[in-house]
1. So which of 11, 6 is among the polar types (S, T, N, Q), at negative phi, touching a strand residue (DSSP E or B) at 6+ places or on another chain (Cβ under 6 Å) and surrounded by fewer than 19 Cβ atoms within 10 Å (Cβ to Cβ)?
2. Do the conditions hold for residue 25, that is, is it aromatic (Phe, Trp, Tyr) and closer than 28 Å to residue 130 by Cβ?
3. Would you mind stating whether residue 12 is over 25 Å from residue 122 (Cβ atoms) and free of Cβ contacts under 8 Å to residues at least 24 places away in the same chain?
4. Going residue by residue through the range 78-87, is there one that turns out to be open to solvent by 10 Å² or more (accessible area, probe 1.4 Å) and over 14 Å from the mean Cα position of the chain (by Cα)?
5. Regarding residue 103, is this residue among the hydrophobic types (A, V, I, L, M, F, W, C) and open to solvent by 30 Å² or more (accessible area, probe 1.4 Å)?
6. Counting only residues that are in contact (Cβ under 8 Å) with a residue 60 or more places away in the chain, give me the strands (runs of 3 or more DSSP E) lying completely in the range 26-140 with at least 2 of them.
7. Could you please find all residues in the range 26-54 being out of contact with any Asp or Glu (no Cβ under 6 Å at 6 or more places or on another chain) and either buried (at least 18 other Cβ atoms within 10 Å of the Cβ) or among the small types (Gly, Ala, Ser) (or both)?
Amino acid sequence: MVLIPTTRKATLKDVNSISKLFNNYRIKQSNKSNLKSTLDFLSNRLYLNDSEIFIAMENHIITGMIQLLPSFDTKELKRIWILSDIIGDDLTQDVLMTEAMSLCKRTEAMGVMTLNQEVGIQLERAGFRKHTDHMYIINQ
């Protein structure tokens, strides 16, 4: 039986766990390990509430995260979310994409922007519709 991860919004209480996960992700992206800077960066995002970070958990262990940064489309006069980072296995990422869709609906956003083509494919699988090379919109 496949265990579906549960998700929730990250809090400052999660920052140590997600910092380790995020630091390992950054290393895989060819960045140098810097756990202190990663901890400071994520602590600031959560404290200042200037990004949305959702975590995925299995058996109370954080196994993935997604970070979305707010922005706006001045042509459409609507909010958009920039999908900055998504971490986890395929199932975890699919579940986190559902959180991205819910966030767009709750905030009446046009959709999600990403520069990563693989993430774009995942967004389409989650129900987003490709609008431009980097913009994926929700059907409202």
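1. Values: 11 fails: touching a strand residue (DSSP E or B) at 6+ places or on another chain (Cβ under 6 Å).
When all the criteria are applied, what remains is 6.
2. Yes, satisfied.
3. On the way: over 25 Å from residue 122 (Cβ atoms): yes; free of Cβ contacts under 8 Å to residues at least 24 places away in the same chain: no.
Judged against the criteria, residue 12 is not a match.
4. Yes, there is a match, as at least one residue in the range 78-87 is open to solvent by 10 Å² or more (accessible area, probe 1.4 Å) and over 14 Å from the mean Cα position of the chain (by Cα).
5. Values: among the hydrophobic types (A, V, I, L, M, F, W, C): yes; open to solvent by 30 Å² or more (accessible area, probe 1.4 Å): no.
No; evaluated as a whole, the condition is false for this residue.
6. Correct list: 78-87.
7. Restricting attention to the range 26-54, the residues satisfying the condition of being out of contact with any Asp or Glu (no Cβ under 6 Å at 6 or more places or on another chain) are 26-53.
Across the range 26-54, the qualifying residues are 26, 30, 33, 37, 38, 42, 43, 45, 46, 51, 52, 53.
The values are calculated or read from the model by the stated rules, or taken from the named source; none is laboratory data. Predicted, not measured: the structure shown is a model, and the values here were computed from it. Note that each Cβ is placed from the backbone with ideal geometry, even for glycine, and that neighbours are counted across all protein chains shown. Keep in mind that these areas ignore ligands, DNA and RNA; they rest on the heavy atoms of the full protein, side chains included. Shrake-Rupley method; radii C 1.70, N 1.55, O 1.52, S 1.80 Å.
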